[in-house]
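Derivation of every value follows stated rules applied to the coordinates shown; laboratory data play no part. Note that the coordinates shown come from a computational prediction; the quantities given were computed from them, not determined experimentally. Neighbour counts run over all protein chains shown; Cβ positions are idealised from the backbone, glycine included.
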Amino acid sequence: MRQFISVEDLGDLRQGLQAAKYVKEHPFADQALGRNRTMLIVFFNNSLRTRLSTQKAALNLGMNVMVLDVNQGAWKLETELGVVMDSDKSEHLREAIPVMCSYCDIIGVRSFAGLADRDYDYAETVLQQFIDYGGKPVISLESATVHPCQAFADLITIEEYKTRTRPKVVLSWAPHPRALPQAVPNSFAQWMNAADVDFVITQPEGYELDPRFAGNAQVEYDQMKALEGADFVYAKNWSCPGVTRPKDYGKVLCKDMGWTIDAAHMAVTDNAYFMHCLPVRRNMIVSDEVIDSERSIVIPEAANRVVSVQTVMKKMLENL
Ligand code: SN0
């Protein structure tokens, strides 16, 4: 595996889930694989789970690990090609990437969407430069349009908790004070479409996800109707993806607190589990009552972030 961006990069999904199960049961079985190998993780944006789970996974695999926060101590990096570098940006990604990659065997990159220019974000302009100029396997640790390590962890969690062969999984938009990327819902939709689940997306008008991720998923604009009989409720805020309203790309279109997942929403489900990638804004996305209930599985979901990224890194190490 040379890159981990999409569900297809994992190969056969059943086998991928089996591999994850093995990693979870035997976290230290592959220490020899990572010996004298270095994992570099580069952050252009904040992180808690990704930062720690990726380091933990690398350590479990016997790797050395280095972390760079680009905005704290590194030169400010220019990401646009062909510009006159007369601003505050001291170094171009064109040099920084091959240099960073000369120090490591696998590189992970977090680089959020700018939410200003849809084409720039959806071309994965920053991540693609790491793929093109680095020469090392690249893991998206949430890039402009995808968060595959999260979606893989989400699927692992659903597999662990499901009581039906084909559970009903509902992705519900929920309100948030800021404009957030579409990476988490995009990847979640892509992975659910590939998995053996009955998948429904519910969102206000204007929040339609890019069809390359939403695929043939059912879309239901009536949130309560969508939630009926759900086995898993996956809440997330995202900004306007600019599909049905191109001019509003990256904007907040709705702050309707009626979309907050509370006990009344959960009551129409089939005693569903509540999921969220975290960090979560309590009483915006989800009520205290729901996230503190015994049906909330946000903590085991976050714990599975080690498992998903370790499974990916192991596959990459095997193919070095
Ligand atoms: C990010 C997002 O893509 O939605 C990362 C999620 C894994 N979330 C945020 O930036 C939330 C920030 C906030 O202020 O709540």
Quickly work out the GLN31-to-MET66 label distance, labels modelled 7 Å from Cα along the C-beta direction, and quote it in nm with one decimal.
2.4
If you build the convex hull over the alpha carbons only and average its shadow over all orientations, what do you get for the stretch 118-210? Give it in nm² to one decimal.
7.4
Trypsin sites (Lys or Arg not before Pro) lying in DSSP loop within the stretch 181-265, provided at most 12 other Cβ fall within 10 Å:
LYS255
Long-range HN-HN contacts of ASP69 with modeled amide H, under 5 Å:
PHE43
Taking the Cα centre as origin and putting +1 on Lys and Arg beta-carbons and -1 on Asp and Glu beta-carbons, what dipole magnitude results for the chain, to the nearest 20 debye?
620
I need the shape label for the chain. Rule: rounded when a/c is under 1.5, else prolate if a/b > b/c, else oblate, with a, b, c from the alpha carbon gyration tensor.
oblate
Cα lying deepest toward the dipole's positive end in the stretch 150-302, options GLY206, MET284, VAL170, charges on Cβ:
GLY206
Within the stretch 48-97, report the GluC sites (Glu not before Pro) that DSSP leaves as loop and that have at most 16 other Cβ atoms within 10 Å.
GLU80
If each of ARG245 and ASN46 carries a label point 7 Å out from its Cα toward its Cβ, how far apart are those two points in nm?
2.6
Per-residue HN-Hα couplings for the stretch 156-173 [Karplus 6.51, -1.76, 1.60; θ = phi - 60°; Hz; x = Gly/Pro]
4, 5, 4, 4, 6, 9, 5, 10, 10, 4, 10, x, 8, 10, 10, 8, 10, 4
Relative contact order of the stretch 182-286, please, whole-number percent, based on alpha carbon pairs below 8 angstrom and at least 6 residues apart.
28
Please identify which residues in the stretch 282-317 have an amide N closer than 18 Å to a label point set 7 Å out from the Cα of ASP12, following the Cα→Cβ vector.
312, 315-316
What is the chain's relative contact order, in percent, from Cα pairs under 8 angstrom and six or more apart in sequence?
19
5 angstrom amide H check on ARG37, placed H, neighbours 5+ away:
ASN64
Taking the chain and counting helices only, DSSP H stretches of n ≥ 4 at -39,500 (n - 2.57) each over all residues, the nearest-500 ellipticity at 222 nm comes to -10500 deg cm²/dmol
Go through the stretch 227-241 residue by residue and turn each phi into a ³J(HN,Hα) via Karplus (6.51, -1.76, 1.60, θ = phi - 60°); whole Hz please, and just put x for glycine and proline.
6, 4, x, 5, 9, 9, 10, 10, 8, 6, 8, 8, 7, 4, x
Among the lysines, which fall within straight-line cross-link reach of LYS136, defined as a Cα-Cα distance under 29 Å, with same-chain neighbours fewer than 8 residues apart omitted?
LYS21, LYS24, LYS56, LYS76, LYS89, LYS314, LYS315
Within the stretch 1-49, which chymotrypsin sites (Phe, Trp or Tyr not before Pro) sit in a loop by DSSP and count at most 13 neighbouring Cβ atoms inside 10 Å?
PHE28
Would you mind working out the magnitude of the charge dipole of the stretch 150-302 relative to its Cα centre, with +1 at each Lys and Arg C-beta and -1 at each Asp and Glu C-beta, to the nearest 20 Debye?
520
Figure the gain on full extension for VAL84 and ASP222 (residue separation times 0.36 nm, minus the Cα-Cα span) and round it to one decimal in nm.
44.7 nm
Amide H contacts under 5 Å for ASP198, placed H, 5+ residues apart:
LYS168, VAL169
